[in-house]
Amino acid sequence: MITLAVETSCDETALAIYSDKEGIIGEVLLSQAKVHEQFGGVVPELSAREHTKNLLPLLKVLLDRTGFDLKRVDFISFTLTPGLILSLVVGVSFAKALAYTLKKPLVPVHHLEGHIYSVFVERPIEEPFLALVVSGGHTDLYLVEGFGKYRFLGGTLDDAVGESYDKVARLMGLGYPGGPIIDRLARQGEPKYPLPRPMIDDPSLNMSFSGLKTAVRKIVEGGNYSKEDLSASFQRAVLDVLEAKLLKAVELTGVKRVAVVGGVSANSELRERFQKLTEKGIISAYIPHPRLSTDNAVMIAYAGIERFKRGITAPEDINPEPNIPLETFGRYWS
Ligand code: KG4
Ligand code: ZN
């Protein structure tokens, strides 16, 4: 079973050809980071235009590189939700055009389901497992009881972690996306600044990161600060909160296997910390390769295959949505 997957939910234009037997046949990914850098964040209209400009040339590159005959594709997988609506519209329209031309079915995928199952591209996790989704748009904890069966346990009440990385980087004038830059600077600094750990003692699994950003702003506005030390302090505070909430989720559910996914899971300190917890036997962390952590089409292909195996296809008039909750998407069209 072979699928071609289309991912355009944010600022990465990505395509992948994936087989359930052979794994990745080919993938292409074009980041728009340079386009959005001057604005300190993603500009939705520009993002949609870049997807429109680049999808077809990227498909040609993918086919040239792999020598793959598109007729071998069994169905087209695509990200339906969540994401920037204009960007999703471009990807969904492209997927529909391909499906029509090739006379193949369309399979809708939830972007977060793609992130959660990105781990499975490398090695499967026994279900049930916990999923900590940390990306630019989401910071959520789920209990995954099986493919398509997701129980929301808690999440951020305001900024997503990736979003706060990007905002803090902007405050310090570091560029976009902020996550990898802060990650690098933090390694050269010391976590010297006392920053809050919002909601860390709250008994719920909810989180909040906007207060942390405000605390960083005050230090930046005070002038004369070390970017390296402030990066290290910010990152330490974020990771303290994520670790505390994850451990609380493990305690509440009794489930120790954890998929840590989404762009922020590419963070080097996060990976080291969760690796140490795994070595101590406190959790069993599954973190995808950084290339699979940030947005990509391979994860959409993987989830698409799982959906198709369950008989899920999309009607021809399907329309993207900016935010269908993952929990309800599990039951969509099944
Ligand atoms: O999953 P993703 O590629 O896109 C969304 O679905 O949002 O996540 C993007 C986010 C950005 O906010 C980016 O700054 C963050 O992931 N990110 C990182 C790192 N690499 C990317 N955050 C912290 N450390 C990193 N190394
Ligand atoms: Zn994502």
> Under the condition of being more than 11 Å from Phe120 (Cα to Cα) and in a helix (DSSP H, G or I), which residue from the range 284-305 is farthest from ligand 1 (Cβ to nearest atom)?
Replying inline: Ile305
> Pick from Arg187, Arg197: which is touching a residue at least 24 places away in the same chain (Cβ under 8 Å) and within 16 Å of ligand 1 (Cβ to nearest atom)?
Replying inline: Arg187
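Rundown of residues vs (1) surrounded by 15 or more Cβ atoms within 10 Å (Cβ to Cβ); (2) over 19 Å from the mean Cα position of the chain (by Cα), yes/no style:
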{"residue": "Phe234", "(1), (2)": "yes, yes"}
{"residue": "Ala259", "(1), (2)": "yes, no"}
{"residue": "Leu270", "(1), (2)": "yes, no"}
{"residue": "Lys276", "(1), (2)": "no, yes"}
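Checking the conditions here, which among Leu292, Leu326 is in contact with a Phe, Trp or Tyr (Cβ under 8 Å, 6 or more places away or on another chain) and surrounded by 14 or more Cβ atoms within 10 Å (Cβ to Cβ)?
On the way: Leu292 fails: in contact with a Phe, Trp or Tyr (Cβ under 8 Å, 6 or more places away or on another chain).
Answer to the check: Leu326.
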>> If I ask for residues that are touching an Asp or Glu at 6+ places or on another chain (Cβ under 7 Å) and modelled with pLDDT of 95 or more, which ones from the range 31-61 would you list?
In response: Ser31, Gln32, Ser47
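Quick check on the range 45-55. Is at least one of its residues more than 24 Å from Arg151 (Cβ to Cβ), in the same structural domain as Arg310 (by TED's automatic domain parsing) and within 16 Å of ligand 2 (Cβ to nearest atom)? Quick ask: steps written out before the conclusion?
Going residue by residue through the range 45-55, those that are more than 24 Å from Arg151 (Cβ to Cβ) are 45-55.
Restricting the remaining residues to those that are in the same structural domain as Arg310 (by TED's automatic domain parsing) gives 45-55.
Filter again for within 16 Å of ligand 2 (Cβ to nearest atom), leaving 47, 51.
The answer is yes, given that some residue of the range 45-55 is more than 24 Å from Arg151 (Cβ to Cβ), in the same structural domain as Arg310 (by TED's automatic domain parsing) and within 16 Å of ligand 2 (Cβ to nearest atom).
Looking for whichever is within 22 Å of the chain's Cα centre (by Cα), crowded, with 24+ Cβ neighbours inside 10 Å and assigned by TED's automatic domain parsing to the domain that holds Val258 here; the options are Gly136, Gly146, Gly83, Gly91. Which one fits?
Values: Gly146 fails: crowded, with 24+ Cβ neighbours inside 10 Å; Gly83 fails: assigned by TED's automatic domain parsing to the domain that holds Val258; Gly91 fails: assigned by TED's automatic domain parsing to the domain that holds Val258.
It is Gly136.
Which one of these is in contact with a strand residue (DSSP E or B) (Cβ under 7 Å, 6 or more places away or on another chain) and among the charged types (D, E, K, R): Arg72, Arg49? If you could, list the steps in order and put the result at the bottom.
Details: Arg49 fails: in contact with a strand residue (DSSP E or B) (Cβ under 7 Å, 6 or more places away or on another chain).
Only one candidate passes the filter, namely Arg72.
Going through Val6, Val42 one at a time, which residue ends up being surrounded by fewer than 23 Cβ atoms within 10 Å (Cβ to Cβ), hydrophobic (A, V, I, L, M, F, W, C), under 20 Å from the mean Cα position of the chain (by Cα) and under 30 Å from Phe152 (Cβ atoms)?
Working: Val6 fails: surrounded by fewer than 23 Cβ atoms within 10 Å (Cβ to Cβ).
When all the criteria are applied, what remains is Val42.
I'm trying to understand the selection: among the residues of the range 151-184, which are within 16 Å of ligand 2 (Cβ to nearest atom), closer than 18 Å to Met207 by Cβ and touching a residue at least 60 places away in the same chain (Cβ under 8 Å)? Step through it out loud before you land on a result.
Within the range 151-184, the subset within 16 Å of ligand 2 (Cβ to nearest atom) is 155-156, 159-166, 176-180.
Restricting the remaining residues to those that are closer than 18 Å to Met207 by Cβ gives 155-156, 159-166, 179.
Residues satisfying the conditions are Val161, Gly162, Ser164, Tyr165, Asp166, Gly179.
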> Among the residues of the range 134-150 satisfying the criterion of being under 18 Å from Tyr165 (Cβ atoms) and among the hydroxyl-bearing types (Ser, Thr, Tyr), which is farthest from ligand 2 (Cβ to nearest atom)?
Replying inline: Thr139
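The values are calculated or read from the model by the stated rules, or taken from the named source; none is laboratory data. Treat the numbers as computed from the prediction; the structure is a model and nothing was measured. In this analysis, Cβ positions are derived from the backbone assuming ideal geometry, glycine residues included, and neighbour counts consider all displayed protein chains.
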